[in-house]
Amino acid sequence: YYGEDNNYPGYLLRCYNRSAKHNAIVNQKAAYIYGKGFDGDNVIVNQEGETFGDVVKKLILDFIIFGGLSPEIIPSKDKSKIFLRHIDFSRIRSDKYNEAFFYSEQWAKCYGDNPDKYFPLDRNTIKNGDYDFTEYAPFTVNGKGKQLFYYKSYRPNLDTYPLPDYVGAMGYIELDYQIMNYWYN
């Protein structure tokens, strides 16, 4: 599980979307990292028509918010080219050793009308086939099929999933939203 309810990325996204200060800091940091771009950032890199620059901007934002990124690497049949597609890091789960990756839009389902309450889907739900996910192999140079380049920032004593570099400020980020909500009410 990625967090107690298997939805720690959802929590990070809610904090990003609720706190105006946090949102502004993350967006500005992403803009500074990308800067003015680079040579070749207008090359089309996937079937959706996205450019290399489009994909890199999304990966930068994922890395800042989650502490990791996970583009899909798609080799051409003759292996002369590779295509790159952004995969939303919040929708990726991994096995314990980062040897298999799973993509789903439903790692946590809303409980009732309250989007802040989630329950994890258990392994029985996955085994029964009620759960829709795509499995990816880790990227290797000679790999075939769907591959995922899974990168996470290093933090001592963390194995499977990353933490963002602002994790120590989460209390203040939540407080920012609560203060805004208090004044709004």
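The values are calculated or read from the model by the stated rules, or taken from the named source; none is laboratory data. Owing to the predicted nature of the structure, the values given are computational and were not obtained by experimental measurement. Note that each Cβ is placed from the backbone with ideal geometry, even for glycine, and that neighbours are counted across all protein chains shown. Only protein heavy atoms, including side chains, enter the accessible area calculation; ligands, DNA and RNA are left aside. Shrake-Rupley method; radii C 1.70, N 1.55, O 1.52, S 1.80 Å.
Descriptive notes on the structure:
- Descending by average beta-carbon neighbour count within 10 Å, the peptides 145-152, 24-31, 80-87, 156-163 line up as 145-152, 80-87, 24-31, 156-163, the highest first.
- Straight-line reach from residue 81: taking Cα to Cα under 15 Å and skipping same-chain neighbours fewer than 8 places apart, the aspartates and glutamates in range are 72.
- For the chain: accessible area per residue (Å², 1.4 Å): 64 Å²
- Matching the structure-derived P(r) over Cα pairs in 10 Å bins from 0, in percent against the labelled list (i) 8, 30, 35, 20, 5, 1, 0; (ii) 8, 23, 18, 11, 10, 10, 9, 7, 4, 1; (iii) 10, 40, 35, 13, 2 gives the label (i).
- Karplus 3J(HN,Hα) series, Hz, for segment 159-167 with 6.51 cos²θ - 1.76 cosθ + 1.60 (x for Gly, Pro): 10, 8, 10, x, 10, x, 5, 9, 4
- Extension gain for residue 98-residue 137 works out to 13.1 nm (0.36 nm per residue, less the C-alpha to C-alpha distance).
- Hz values of 3J(HN,Hα) by residue in segment 34-51 - Karplus curve (6.51, -1.76, 1.60), Gly and Pro given as x: 6, x, 8, x, 7, 4, x, 6, 9, 7, 5, 10, 7, 6, 6, x, 6, 8
- CD proxy at 222 nm, helix term only [per DSSP H run n ≥ 4: -39500 (n - 2.57); per residue of the chain; nearest 500]: -10500 deg cm²/dmol
- Converting phi to 3J(HN,Hα) with the Karplus coefficients 6.51, -1.76 and 1.60 and the offset θ = phi - 60°, segment 171-185 yields x, 5, 5, 5, 4, 4, 5, 5, 5, 4, 5, 4, 5, 5, 6 Hz in sequence order, with x at every glycine or proline.
- Extension gain (nm, one decimal) between residue 42 and residue 77, 0.36 nm per residue minus Cα-Cα: 10.3 nm
- Listed pairs 21/152; 96/144; 58/96 exceeding 31 Å between Cα atoms: none
- Full extension of the segment from residue 18 to residue 153, taken as 0.36 nm per residue of separation minus the current Cα-Cα distance, would add 46.2 nm.
- Largest-first ordering by accessible area, 1.4 Å probe, given options 4, 99, 174: 4, 99, 174
- For the chain, the share of accessible area belonging to carbon and sulfur comes to 54 percent (1.4 Å probe, ligands and nucleic acids excluded).
- Close amide-amide hydrogen proximity is noted between residue 148 and 73, 137, 139, each under 5 Å apart and 5 or more residues distant or on a separate chain (H modeled in the peptide plane; Pro and chain starts excluded).
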